[in-house]
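Computed from the coordinates by the stated procedures, all read-outs in this text should not be read as laboratory data. Computed from a prediction, not measured in an experiment: that's the story for all the values here. Cβ sites come from the backbone with ideal geometry, for glycine too, and all protein chains shown count toward neighbours.
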Amino acid sequence: MKKIIAILALMVSATCLNAQWLDSDVYDRPLKDVLDEVEVRYGISLEYKDKTVRGLVVKSAPWRYAADAATTLDNILIPLDLRKVDKGKGRFEIKKWEYYRQSDAEGAAQLKALWKSYGNLQAWEQRKQAVRNNIIEVLGIDRFPKGEIRAIETKVRKYKGYTVQNIGLEILPGVWVCGSLYRPAKSKGQVPMMLCPHGHFYNKEDNSIPNERGRYRPDQQLRCATLAMMGCAVFSYDMWAWGESALAFKLKDHRSDLGLIMQTWQSIRILDWLCSQPWADTSRIGVTGASGGGTQTMIIAALDKRITLSVPVVMTSSHFYGGCPCESGLPIHILKDAQRSNNAELAAMVAPRAQLVISDGHDWTSTLPEIEFPYLQKVYGLYGAESNVENAHFVKEGHDYGPSKRNAMYEFVARKWGLKSASEDNCTIEDAEQMYVFGGILPEGAVKGSDNLRIMLKQY
């Protein structure tokens with residue numbers, strides 16, 4: 001009996017062993033354990049948040065080790081939609097993979113390939129038209145109706161050296177964009193115009209404060225008022241589903257493909273309305289914005305030849321496409337059967353028109369002096385217009401449209417358009433309520449809800 005029991009035990013043991021090695025999960029290990037081993041094996045340091053790796057498992061982990069740490073990390077991380085950032089000196093940061101972000105080296109390589117693919121004016125013009133056509137086709141805005149624009153205008157408010165008026169424009173039947181029109185208090189003849197889209201800046205400590213969001217922000221008001229005192233007519237307007245646009249559409253819907261479509265269309269229709277005004281100098285039309293406003297700046301300047309001066313701020317990059325769907329939520333950078341585009345190429349499409357690209361040392365524009373700006377100079381060089389593109393780089397600053405960046409923009413605009421200088425000290429900061437067009441009540445017939453907007457757009 002003892003002999004039979006022993007044989008049975010041996011058979012069970014062998015069965016368990018065979019089952020273990022036949023198990024498809026035998027090589028799988030928790031990501032945290034694998035990363036700990038990678039640090040020891042390659043003598044490197046890995047930085048990451050616990051929540052980034054929590055619960056993740058590396059399939060066939062032992063087979064992913066390579067001769068060097070960088071390749072090993074790619075083998076481990078890429079299948080998990082994670083990526084490494086080389087911080088230098090054996091340090092790597094681990095982050096979630098994002099479709100809208102590449103490495104500096106990848107961006108530089110892409111620009112090199114792009115330049116090699118054209119490199120002469122004729123080929124560049126063909127490429128520029130292809131990129132432009134792709135953006136328009138992807139957004140579908142060539143089908144949108146362009147009838148007469150209905151405007152709702154509030155009473156003009158007078159300040160020292162400038163005036164402000166709230167204006168709502170019906171850019172599609174029942175769809176409105178609201179903004180503030182700043183104009184010089186005194187002017188002779190026609191005046192230059194500046195579009196001022198805002199970015200996603202807000203008070204992170206208290207996002208409920210109206211004056212700390214969008215076009216109501218003090219720094220946005222300072223920018224617009226100062227440009228008006230310099231002699232410009234300035235239109236500052238809401239992003240789609242922000243500000244008063246949120247009366248019709250949910251704030252969460254801003255982070256959708258509709259954001260990119262509607263914000264581009266807004267800029268085009270605002271330009272249409274401004275150019276129809278008797279005081280408008282259509283030979284001097286500019287646009288400037290930062291972050292998400294910088295994306296809008298690059299897109300409208302690339303698409304619309306009426307723009308003669310562009311100042312994209314803290315956004316121009318070959319390796320970052322914009323983290324909000326209102327910037328990269330549709331494939332405007334992906335051409336069929338062609339080299340993928342990027343935001344640096346969009347900025348290059350402004351050539352040979354005047355352009356100041358503003359960057360800083362603590363976001364994705366930190367590489368601009370070494371990577372993106374030399375590329376822009378080469379494209380402008382195709383027209384013999386290298387002097388028309390400039391870069392103001394603030395190596396110690398971060399992602400904002402702060403005083404030094406605004407001053408660089410003022411100087412550029414004044415020099416290019418022959419305007420006088422002005423001081424922000426003379427500006428008046430208004431409360432958000434003073435800047436409302438509708439005051440909480442939409443016009444009759446207004447389109448409400450993204451579903452209804454999509455139904456209407458499909459009809460075109």
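Between exposed GluC sites (Glu not before Pro) in the chain, where DSSP calls loop and at most 12 other Cβ atoms lie within 10 Å, what's the longest gap?
That gives 206-369 as the longest site-free run.
Residue by residue, what Karplus-based ³J(HN,Hα) values in Hz, rounded to whole numbers, does region 86-94 have, using 6.51, -1.76 and 1.60 with θ = phi - 60° and x for Gly and Pro?
6, 8, x, 6, x, 10, 10, 9, 10
Could you sort out which of K160/K252; K305/K420; K89/K112 sit more than 29 Å apart by Cα distance in this structure?
Over 29 Å apart, Cα to Cα: K160/K252.
Could you give the nm distance between label points at I441 and Y99, where each point is 7 Å from its Cα heading toward the beta carbon?
That separation, rounded to one decimal, is 4.3 nm.
Are any of the pairs K378/K416; K128/K378; K158/K416; K158/K186; K95/K396; K32/K84 more than 19 Å apart by Cα-Cα distance, and if so, which?
K378/K416; K158/K416; K95/K396
What are the residues whose amide H is under 5 Å from the amide H of S366, where those residues sit 5 or more places off or on another chain and H is modelled from the backbone?
It is D360, by chain and number.
For the chain, with only Lys/Arg (+1) and Asp/Glu (-1) charged at the beta-carbon, what is the dipole magnitude about the Cα centre, in debye rounded to 20?
480
Using 0.36 nm per residue of separation minus the Cα-Cα distance, give me the extension gain between S387 and K155 in nm, one decimal.
Computed gain between S387 and K155 is 79.3 nm.
When the Karplus curve 6.51 cos²θ - 1.76 cosθ + 1.60 is applied with θ = phi - 60°, which whole-Hz ³J(HN,Hα) does each residue of region 308-315 get, with x for Gly and Pro?
10, 8, 9, 9, x, 10, 6, 9
Taking H as built 1.01 Å from N, whose amide H comes closer than 5 Å to the amide H of Y162, not counting residues under 5 places away?
A185
At a Cα cut-off below 19 Å, give the aspartates and glutamates reachable from K458, other chains included and same-chain residues fewer than 8 away excluded.
The qualifying aspartates and glutamates are E137, D142, E170, D253, D257.
What's the FRET efficiency of D50 with D451 using the Cβ-Cβ distance as r and R₀ = 41 Å, to the nearest 0.05?
It comes to 0.60.
With a/c under 1.5 counting as rounded, go ahead and sort region 121-458 into rounded, prolate or oblate using the C-alpha gyration tensor (a ≥ b ≥ c being the square roots of the eigenvalues; past the cut-off, prolate if a/b is larger than b/c, else oblate).
rounded
When DSSP beta bridges are limited to those with both residues in the chain, what percentage is antiparallel, rounded to the nearest 5?
DSSP beta bridges in the chain are roughly 55 percent antiparallel.
Between region 345-395 and region 85-157, what's the alpha-carbon centroid distance in Å?
With region 345-395 and region 85-157 each reduced to a Cα centre, they are spaced 14 Å.
Distance from a point 7 Å along Cα→Cβ of Q129 to each backbone N in region 302-319: keep the residues under 19 Å and list them by number.
Of the residues in region 302-319, 302-306 have backbone N under 19 Å from the label point off Q129.
P(r) of region 323-432 in 10 Å steps, Cα pairs, percent per bin?
12, 33, 36, 16, 3, 0
Would you kindly state how much longer the chain becomes between D431 and D86 on full extension, computed as 0.36 nm times their sequence separation minus their alpha carbon distance, in nm to one decimal?
Length gained between D431 and D86: 119.7 nm.
Enumerate the calculated ³J(HN,Hα) couplings along region 152-164 in order (Karplus 6.51 cos²θ - 1.76 cosθ + 1.60, θ = phi - 60°), each rounded to whole Hz, writing x wherever the residue is Gly or Pro.
Once θ is set to phi - 60°, the couplings for region 152-164 become 10, 10, 8, 5, 6, 9, 9, 10, 5, x, 7, 10, 9 Hz.
Per-residue ellipticity at 222 nm for the chain, helices alone: DSSP H runs ≥ 4 residues times -39500 (n - 2.57), over residue total, nearest 500 deg cm²/dmol?
-11500 deg cm²/dmol
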